[in-house]
Amino acid sequence: MTTTTVAKVLRSDYQKSVASYWNNEKDPVNLLLGDVDGLYHHHYGIGDYDRSVLEGPEDTRDGRIITEMHRLETAQAKILLDHFGDISPADRLLDAGCGRGGTSFMAHQRFGCQTDGVSISEQQVEFANDQARQRGVADKASFHFRNMLDTGFETGSCRGIWNNESTMYVDLFQLFAEFYRLLEYGGRYVCITGCYNDVTGGRSKAVSRIDEHYICNIHPRSDYFKALAANNLVPINVIDLTSQTIPYWELRAKSSVATGIEDPFLTAYREGSFHYLLIAADRV
Ligand code: GPP
Ligand code: MG
């Protein structure tokens, strides 16, 4: 990329530092899980884990845990996609903050439609496009080095847009203004996110540790609804997934790929200062 192109996408020092984090990220917690079946996720998991993975031969135990964590992460993306309802092959979907493309490939496989992913990490975009070529779907699943706050895509060109754990890097009012522009009338927005609890007060210590770890700014729950309402995005479903994501973190804490962020997540969820939320909203 030329310096001018990079400067157009990465508009602030903050965005540059986030891009640098993801350009250098090669953590086994993501790569070993992705190697299980070629879907590389950058989000967490949902649902109970199979306790039997902890039993059995010691030498294959960690492999069983990794496969099980990957299953829970894929289940999370499935729940997100379930909330799009009927999407036809002629529709177009946008994956905002697409990471290495895992959720996009699942969407393309399920709906048969065009999916476009955007990321401010050139490495992630390259990785995801490479995956698309390997899977033989590069004509339908494409990934772009673009900023989700200003994608440059055509107005009204999307039937659906999602953020799978990527909203904590941006201002929600700016983000939803761009999504309002991109979505067609009646188009759907779905996000899964971690947000802090307005009722228990400001950022807890555990939430601050998560922010520091990922260089992000976790929003309060209320900000989502204020920013959606301000941009004519009308919620149809809000699901608190907190209790369903705790088993994933408990299992991850027992794995060889634990990164040290497991305790802050478990503390924040258990003390009630943080929620794992799914929000689906329609553009009117
Ligand atoms: C990264 O997933 C997710 C985020 C940076 C968003 C933070 C999410 C919240 C719910 C606050 P990842 O799979 O890259 O993270 P890890 O490397 O820890 O598995
Ligand atoms: Mg991960």
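So how strong a dipole does the chain carry about its Cα centre when Lys and Arg Cβ are +1 and Asp and Glu Cβ are -1, to the nearest 20 debye?
480
Given Cα pairs under 8 Å that are at least 6 residues apart, what percent is the relative contact order of the chain?
19
Give 8/140; 226/254; 140/254; 205/254; 8/78 a once-over and call out the pairs whose C-alpha atoms are over 28 Å from each other.
Too far apart for the 28 Å limit: 226/254; 140/254; 8/78.
Order these peptides, 269-282, 163-176, by their mean beta-carbon neighbour count within 10 angstrom, highest first.
The packing order, highest mean first, is 163-176, 269-282.
Please list 50-60, 81-91, 152-162 highest first by mean number of surrounding beta-carbon atoms within 10 Å per residue.
In decreasing order of mean packing, 50-60, 81-91, 152-162 become 152-162, 81-91, 50-60.
How much of the DSSP beta bridge set in the range 3-283 is antiparallel, as a percent to the nearest 5?
Taking every DSSP beta bridge with both residues in the range 3-283, the antiparallel ones total about 45 percent.
Let's test the formula: R0 of 35 Å, r as the Cβ-Cβ distance of residue 82 and residue 16. What FRET efficiency results, to the nearest 0.05?
For R0 = 35 Å, the calculated efficiency reads 0.50.
Positive end of the dipole of the range 3-283, charges at C-beta (+1 Lys, Arg; -1 Asp, Glu), about the Cα centre: which of 69, 264, 168 has its Cα farthest in that direction?
168
Gap in Å between the Cα centre of the range 1-59 and the Cα centre of the range 175-215?
Each part reduced to its Cα centre gives a spacing of 18 Å.
Using a 1.4 Å probe on the protein chains only, how many percent of the accessible area of the range 3-283 belongs to carbon and sulfur?
Summing carbon and sulfur atoms, their accessible area is 50 percent of the total for the range 3-283.
Which value at 222 nm does the chain reach when only helices count, each DSSP H run of 4 or more adding -39,500 (n - 2.57), with the total divided by all residues and rounded to the nearest 500 deg cm²/dmol?
Helix-only estimate at 222 nm: -13500 deg cm²/dmol.
Would you mind counting up the charge near residue 77? Only other residues with Cβ under 15 Å from its Cβ, with Lys and Arg at +1 and Asp and Glu at -1.
Here the count lands on -1.
So if R0 is 45 Å, what FRET efficiency would residue 59 and residue 135 give, r being the distance between their Cβ atoms, rounded to the nearest 0.05?
0.90
Determine the sum of side-chain charges near residue 15: Lys and Arg each +1, Asp and Glu each -1, restricted to other residues whose C-beta is under 14 angstrom from that of residue 15.
Here the charged neighbours net out to 0.
Tell me, what is the per residue accessible area of the range 3-283 in Å², probe radius 1.4 Å?
41
Net charge near residue 188, counting Lys/Arg +1 and Asp/Glu -1 over other residues with Cβ under 13 Å of its Cβ?
Surrounding charge for residue 188 is -2.
Whole Å is fine, so just give me how far the alpha carbon centre of the range 223-255 lies from that of the range 82-146.
With the range 223-255 and the range 82-146 each reduced to a Cα centre, they are spaced 22 Å.
The values are calculated or read from the model by the stated rules, or taken from the named source; none is laboratory data. None of the values given here were measured: they were computed from a predicted structure. Neighbour counts are summed over all protein chains in view; Cβ atoms, including those assigned to glycine, are modelled from backbone coordinates with ideal geometry. Note: accessible area is taken over every heavy atom of the protein model, side chains too, but ligands, DNA and RNA are not part of it. Shrake-Rupley method; radii C 1.70, N 1.55, O 1.52, S 1.80 Å.
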